[in-house]
Amino acid sequence: MGNVIVVVDMLKGFHNKGNLANPRTASIIPNIRELLERKMKEGGYRVVFLNDNHLSDDKEFEMFPPHCVEGTEETNVVAELQEFCDMGNNTVYPKKRYSGFFQTYLEGLLVFERPEEVIVVGVCTDICVLHTVADLRNRDYQVIVPADCVETFDAPNHNAGDENGWALGHMQYILGATIVDSQLEI
């Protein structure tokens, strides 16, 4: 039995390439990197990267601009975290929707690993992170979300600070996830 760290959409397509590239994600990369380094050194953790990987005619593009289309550079993990994809028994799963459970092998991996806790980091706090956390909690996993390892984007009618605050509060007070500071509490 090992614990699992789920890294959601830490991709070039949300960082520095394409329609949803967001400079805000740069602020969490060092925190995620430090957390992964520390937990991999401690041992007993497996890292799962959940990566948007859409078809060119994906239904999601009715709501959001095309992004992270399969076969493009946008689907690649950011360079600063790429080395963790190939480390040990870490895993990369492409995903087509908000939740990391939709048409991926995440559920099977979690059944196999039987983790005591699942740490979730990445983007976007109020979309893919939130929906993955909800599905984890619906399966009764103990979920930890380091607030300094998640981020979302600024856009018209979408203030990143407000959305992050709302999503973290929802995860904590409605879904029952534990919200922490990665440097202090995990």
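The values are calculated or read from the model by the stated rules, or taken from the named source; none is laboratory data. Since the structure is predicted, the reported quantities are computational estimates derived from the model, not experimental observations. Don't worry about glycine lacking a Cβ; one is built from the backbone with ideal geometry, like all the others, and counts go over all protein chains shown. Accessible surface is based on the protein model in full, side chains and every heavy atom, while ligands, DNA and RNA are left aside. Shrake-Rupley method; radii C 1.70, N 1.55, O 1.52, S 1.80 Å.
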Original post:
Out of region 91-119, which residues are crowded, with 17+ Cβ neighbours inside 10 Å, assigned to a loop (DSSP other than H, G, I, E, B) and in contact (Cβ under 8 Å) with a residue 60 or more places away in the chain?
Top reply: GLY100, PRO115
**OP:** State whether one or more residues within region 49-62 are farther than 19 Å from THR152 by Cβ, crowded, with 17+ Cβ neighbours inside 10 Å and of a type in the set (S, T, N, Q).
**Re:** yes
Original post:
Could you count how many residues in region 38-73 are of a type in the set (Val, Ile, Thr) and more than 30 Å from GLU185 (Cβ to Cβ)?
Top reply: 2
**OP:** Please work out if GLY2 is open to solvent by less than 40 Å² (accessible area, probe 1.4 Å), among the small types (Gly, Ala, Ser), touching a residue at least 40 places away in the same chain (Cβ under 8 Å) and touching a strand residue (DSSP E or B) at 6+ places or on another chain (Cβ under 7 Å).
**Re:** yes
**OP:** Would you check if LEU36 is without any contact (Cβ under 8 Å) to a residue 60 or more places away in the chain, touching a Phe, Trp or Tyr at 6+ places or on another chain (Cβ under 6 Å) and either open to solvent by less than 10 Å² (accessible area, probe 1.4 Å) or among the hydroxyl-bearing types (Ser, Thr, Tyr) (or both)?
**Re:** yes
**OP:** Say whether the condition of being in a strand (DSSP E or B) and either touching a residue at least 40 places away in the same chain (Cβ under 8 Å) or touching an Asp or Glu at 6+ places or on another chain (Cβ under 7 Å) (or both) is met by at least one residue in region 157-165.
**Re:** no
**OP:** Kindly indicate which of ASP126, ASP140, ASP162, ASP148 is farther than 15 Å from ILE5 by Cβ, among the acidic types (Asp, Glu) and surrounded by 13 or more Cβ atoms within 10 Å (Cβ to Cβ).
**Re:** ASP126
Original post:
Within region 78-86, can one find any residue that is outside any helix (DSSP H, G or I), open to solvent by less than 30 Å² (accessible area, probe 1.4 Å) and of a type in the set (Phe, Trp, Tyr)?
Top reply: no
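Taking TYR141, is it without any contact (Cβ under 8 Å) to a residue 60 or more places away in the chain, outside any helix (DSSP H, G or I) and in contact with a Leu (Cβ under 6 Å, 6 or more places away or on another chain)?
On the way: without any contact (Cβ under 8 Å) to a residue 60 or more places away in the chain: yes; outside any helix (DSSP H, G or I): yes; in contact with a Leu (Cβ under 6 Å, 6 or more places away or on another chain): no.
So TYR141 fails the test.
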